[in-house]
Amino acid sequence: MHETLSMLLPLAGILVGAKIAAQISYRVGMPAVFGELLLGLILGPSLLGWLAPSETLQLLADIGVILLMFMAGLETDTLALRQAGKVSM
């Protein structure tokens, strides 16, 4: 029970913080994902180190990166990519 609670509490904080950062970023005129990524850089081991990566958190982060890349691939306009030619490659 204690392990589950110790994992869910930081995860809930990450999700709430990401949502708030996304809203702030969107209101400033930036994409929401920019605020989410910036928050991760600030709170993660890169700067403040408040969120130490555990094995479970690392697994969830890897899944998140895969889903983010998948969503970016879905939104890619291949026709515009072909029209841009070599510059886009």
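The values are calculated or read from the model by the stated rules, or taken from the named source; none is laboratory data. Quick caveat: nothing in here was measured; it's all calculated off a predicted structure. Here the Cβ positions follow ideal geometry from the backbone for every residue, glycine too, while neighbour counts run over all protein chains shown. Note: areas computed on protein heavy atoms with side chains; ligands, DNA, RNA excluded. Shrake-Rupley method; radii C 1.70, N 1.55, O 1.52, S 1.80 Å.
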*Can you find a residue in the range 71-79 that is among the charged types (D, E, K, R) and more than 12 Å from the chain's Cα centre (by Cα)?*
yes
*What is the residue count in the range 5-15 for residues that are at pLDDT below 85 and open to solvent by 90 Å² or more (accessible area, probe 1.4 Å)?*
3
*Which condition number in (1) out of contact with any Leu (no Cβ under 6 Å at 6 or more places or on another chain); (2) touching a residue at least 24 places away in the same chain (Cβ under 8 Å) is the one that Gly17 fails?*
(1)
